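Right, one structure below, let's go through it.
The values are calculated or read from the model by the stated rules, or taken from the named source; none is laboratory data. Fair warning: this is a prediction, and the values are worked out from it, not measured in the lab. Note that each Cβ is placed from the backbone with ideal geometry, even for glycine, and that neighbours are counted across all protein chains shown.
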Amino acid sequence: MDGYSRINQSGVIFSRVDREDVRGPQHIREHTLLYINSGKVEIRFGNQLTVAEAGDCVFLRKDFRVVMDAWSPVDGAPFRSIALYFCRKFLLSYFRTLSRDKLPLDAEPSPNPVLKIPAGPGLESLFLSLTPYLDSADTLPPEVAWMKRIEGLRCVLAADRNFYASLFDFTQPWKIDLLSFMEENYMFDLSIPDLARYTGRSLSSFKRDFKKVSELTPEKWLVNRRLEEAHRLLAESGCKVGVAMVESGFKDPAFFSRAFKRKFGYPPTATPGQAQGRRR
């Protein structure tokens, strides 16, 4: 993209847009603390809309897909932002420094993947110290980037104790609920190992835990849930079969057609809503 730059310096990401806005879906792969230096960003998740302008901070939970629209300021200046990535290795390292008897085990992860962080002296001083690197050719030293991420992480944890559960979901007390996560993400192209990792489990513990909540294997649960969604789309909206297939998470038309007929007793083209859609 012309006029767009994004530089990752040891987990600190400096972004700048000079001549055009950035819009579209984003897959949040790591927990992220996003600071808007100039311009505005709108982040949508379902019916939730979060607006952040210059000086605002937003926390984005990993493993969610959001729609993010960023605009440059009206005065023609570039859109600029700074993001701190909190990857699993970084979080594990920090977690080992915490006193276990002081952990808030009653903390619960927020159902919202996008949360604004209240402004405060800690955040203001943190991003003020990083702002000069936005327009500089100098490289942020890795050890400095690490310390700045530690500062950001502490600010997030100080803002709300429930962030402990969201950030340190690799520990047993805050292990992500399997069915809730799969219900929210079944339509995406995630493998079973991906699902295990995203819910804070090894593959073997994922399969073992899944047996406790479902009589189906994870693979069969995904196929069954996608078929139910495809059937709903076809019956209620009369949309095209190909659209229902993709929206529900299938990629292979032949497999989709066979599985659909095996489950419902008729092909997807014969679903009542789909038939009505063809007659209109």
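With (1) assigned to a loop (DSSP other than H, G, I, E, B); (2) of a type in the set (D, E, K, R); (3) under 25 Å from P111 (Cβ atoms) as the list, and D75 as the residue in question, which single condition is left unmet?
Of the numbered conditions (1) assigned to a loop (DSSP other than H, G, I, E, B); (2) of a type in the set (D, E, K, R); (3) under 25 Å from P111 (Cβ atoms), the odd one out for D75 is (3).
Out of (1) more than 17 Å from N8 (Cβ to Cβ); (2) crowded, with 17+ Cβ neighbours inside 10 Å; (3) modelled with pLDDT under 90, the odd one out for V22 is which?
Condition not satisfied by V22: (1).
Looking at (1) at pLDDT 90 or above; (2) surrounded by 17 or more Cβ atoms within 10 Å (Cβ to Cβ); (3) not hydrophobic (A, V, I, L, M, F, W, C), can you tell me which one R16 breaks?
Tallying (1) at pLDDT 90 or above; (2) surrounded by 17 or more Cβ atoms within 10 Å (Cβ to Cβ); (3) not hydrophobic (A, V, I, L, M, F, W, C), R16 fails exactly one: (1).
From the list D194, D160, which residue is closer than 18 Å to H31 by Cβ, in the same structural domain as R65 (by TED's automatic domain parsing), without any contact (Cβ under 8 Å) to a residue 60 or more places away in the chain and within 22 Å of the chain's Cα centre (by Cα)?
Exactly one residue qualifies, and that residue is D160.
Rundown of residues vs (1) at pLDDT 95 or above; (2) within 23 Å of A196 (Cβ to Cβ); (3) among the hydrophobic types (A, V, I, L, M, F, W, C), yes/no style:
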| position | (1), (2), (3) |
| --- | --- |
| L233 | no, no, yes |
| S237 | no, no, no |
| K240 | no, no, no |
| V246 | no, no, yes |
| G249 | no, yes, no |
| A270 | no, no, yes |
| Q274 | no, no, no |
| G277 | no, no, no |
| R280 | no, no, no |
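Only one residue in A137, A145 is assigned by TED's automatic domain parsing to the domain that holds L60 and modelled with pLDDT under 95, so which one is that?
That would be A137, the only listed residue that is assigned by TED's automatic domain parsing to the domain that holds L60 and modelled with pLDDT under 95.
Is one or more of the residues making up the range 204-224 modelled with pLDDT of 90 or more, of a type in the set (D, E), under 25 Å from P113 (Cβ atoms) and outside the structural domain of R88 (by TED's automatic domain parsing)?
Within the range 204-224, not a single residue is modelled with pLDDT of 90 or more, of a type in the set (D, E), under 25 Å from P113 (Cβ atoms) and outside the structural domain of R88 (by TED's automatic domain parsing).
Restricting to the range 28-44, and then to whatever is touching a residue at least 60 places away in the same chain (Cβ under 8 Å) and in contact with a Lys or Arg (Cβ under 8 Å, 6 or more places away or on another chain), can you tell me which residue is farthest from L157 (Cα to Cα)?
Residue satisfying both the conditions and the ranking: N37.
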